[in-house]
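Undergrad: First the structure, then my questions, so here it is.
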Amino acid sequence: MKSTYFRFFSTVLLALSLSQVAYAADAIVISNPGTTISAGEVKEIFLGEKQFAGGTKLVPVDNAALQESFLSKFMQMAHDKYNSMWTKKSFRDGLTAPAVKSGDAEVIDFVKRTPGAVGYVSSAPAGVNVAK
Amino acid sequence: MVTVKNVNVSRSRQGGLPAFLGATLAGLVLTIPAPAQAESDGVPLHGFADAGFAMHSKESPNPKGFNVGSLDFYLTPQFDNNVKGLIEIIFETTSAGEVATDLERMQMGYTFSDNATVWMGRFHTPYGYWNTGFHHGAQIQTAVSRPRFLDFEDKGGILPAHMVGLMANGKVRAGGGKFTYDAFVGNGPKIGMAQDLVVTTTQAPGTLSINTAGDDNHQAMVGLNLGYEFSGMADGLRLAVHTFRGDVGDDSDGTFSLTLLNITEVSMAGGSVAYLGNDWEVLGEYYRFNNKDKSGTTGSHSSWADYLQVGKTIDNVTPFIRLEKTVLSQLDNYFSMQDSGQSYNRQALGFKYDISQKASLKLELLNSKFMAESGRIAYSYRSLLTQYAIRF
């Protein structure tokens, strides 16, 4: 009986730890092939503080399917706070909050065809730059 | 106390203009593409709305009962990589119960880099924190009321909350944080005297008017707001200094003649602190005036105004307290000719309850005391204000 419980809890713990790894590693930041950004610049870009890379206007887009993971990993911010921050920034400074795409496919399509676009996906496709 | 009927403060009443502005907004939403985004995305329309209930003790001049606050729409179109706009239109009820429409902001900008954007048009005057941070955004403001001296020109404010002119602003990384600046040059206000007055005392009936169509004198108003945003341990803290200077005239005989009878050189300097971190909200602003009578012989006069508000968010509730005080020289035409230029002190206590991310309920108690001064009657009153505010 004890070994059954042990196996059950071990399995649950293993599953939880694996899912935690997957959660933390979920969001990979990508950019249009003509735009190179570093991982250290991601927070500034999604806060609207960095709007240009060289002469190119940056266009960040959110991915609804991965937003919680991204905000936790790159922005250290909860979803509510992120939205409130953008409301204040948009109202005060006239900045436009990132458009929200429904998932990886939409983000990848947008990033590939839009100069300066920056998004995040669960796995990096070919034909885009990955922020490092 | 003054009772003013049908005061025209450059706001249109119901009719043609609201319909025109509504149609313009709708047109903008439908026709402006966001160039770097998918063409079908258009430009999102955002805004704020609020309604409330107020009770006052009997000496209060303010209306009581239920009230419709304001309905505010704004757009942030990006016309191309560098050209952008900020367009805001507001519908609000006056104390007389009429609906007024205002082209609140109409500023067209050009962004040179992350460090510099230049705007032209009508904008919120960048002094302190409150005026640009909250303005008509009731839902993002913890309190129901603004500090009275920072209120809108026609609602008790003594500063030009709006400006028509040029503004440059931006942020520059410096040390661990960021240096911020807002610099402006604009028409500057005049003190507009009410056209159709029923004056029950000798109190001055003037209201700041922002000269949207052009300046009424040959000296522009210029101003600067320099700040520093900290990072690391002090992330969320911003310290700033602000100043503005310009000539302000009034037509104090109420005849709307082209000759301004009093001209005052208004010089303001002060500072602000804002801390928005770890669920705390600490806001403080100080304004020192050293105004010079340029049309008479009364010389220079010093006045000051300040407030401090402290709040702390616990779960969905943010209780707060605010203290505000002004000492305004009545020898100074800039204050003596304004209806709201009477010295006062006020204490506010209340809370904001966030029902959701986009809807809040607020309750606020106010204790206001106005001082006996030359041409002014002392009075005091207490108020209870509630507000239901949303954003979209």
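None of the figures in this text is laboratory data; all of them are computed from the coordinates on show. All of these numbers come straight from a predicted model, not from anything done at the bench. As a convention, Cβ positions derive from the backbone with ideal geometry for all residues, glycine included, and neighbour counts pool all protein chains shown.
Undergrad: Hand me the chymotrypsin sites (Phe, Trp or Tyr not before Pro) from region B:270-344 located in a DSSP loop with no more than 16 other Cβ atoms within 10 Å, in residue order please.
TA: none
Undergrad: For region A:26-130, what's the relative contact order in percent, using C-alpha pairs closer than 8 Å and at least 6 residues apart?
TA: 48 percent
Undergrad: At 1.002 mPa s and 20 °C, plugging the Kirkwood radius over alpha-carbon pairs of region B:64-204 into Stokes-Einstein gives what diffusion coefficient in µm²/s?
TA: For the chosen part, D equals 124 µm²/s.
Undergrad: Please compare each pair in B:Lys190/B:Lys362; B:Lys84/B:Lys352; A:Lys73/B:Lys84; B:Lys84/B:Lys171; A:Lys89/B:Lys312 to a cut-off of 27 Å on the Cα-Cα distance and tell me which ones are over it.
TA: B:Lys190/B:Lys362; B:Lys84/B:Lys352; A:Lys73/B:Lys84
Undergrad: Could you let me know the centre-to-centre spacing of region B:309-372 and region B:66-142, using Cα atoms, in angstrom?
TA: Centre-to-centre distance over Cα atoms comes out at 21 Å.
Undergrad: Okay, moving on. Could you line up B:Arg122, B:Arg245 from fewest to most neighbouring Cβ atoms inside 10 Å?
TA: Ranked by crowding around the Cβ, least crowded first: B:Arg245, B:Arg122.
Undergrad: What does the C-alpha gyration tensor say about the overall shape of region A:26-130? Classify as rounded when a/c is under 1.5, otherwise prolate if a/b is larger than b/c, or oblate.
TA: oblate
Undergrad: I would also like to ask the following. For B:Met337, B:Met163, what ranking results if the residue with the fewest other Cβ atoms within 10 Å of its Cβ goes first?
TA: B:Met337, B:Met163
Undergrad: What aspartates and glutamates sit close enough to A:Lys101 to cross-link, taking a C-alpha to C-alpha distance under 12 Å and skipping anything fewer than 8 places away on the same chain?
TA: Here the aspartates and glutamates satisfying the reach criterion relative to A:Lys101 are A:Asp62, A:Asp109, B:Asp41.
Undergrad: Of B:His136, B:His301, how do they rank once you tally other Cβ atoms within 10 Å and put the fewest first?
TA: The fewest-first ordering by Cβ neighbours comes to B:His301, B:His136.
Undergrad: Grab the beta carbon distance between B:Tyr353 and A:Lys112, set R0 = 41 Å, and tell me the FRET efficiency rounded to 0.05.
TA: 0.35
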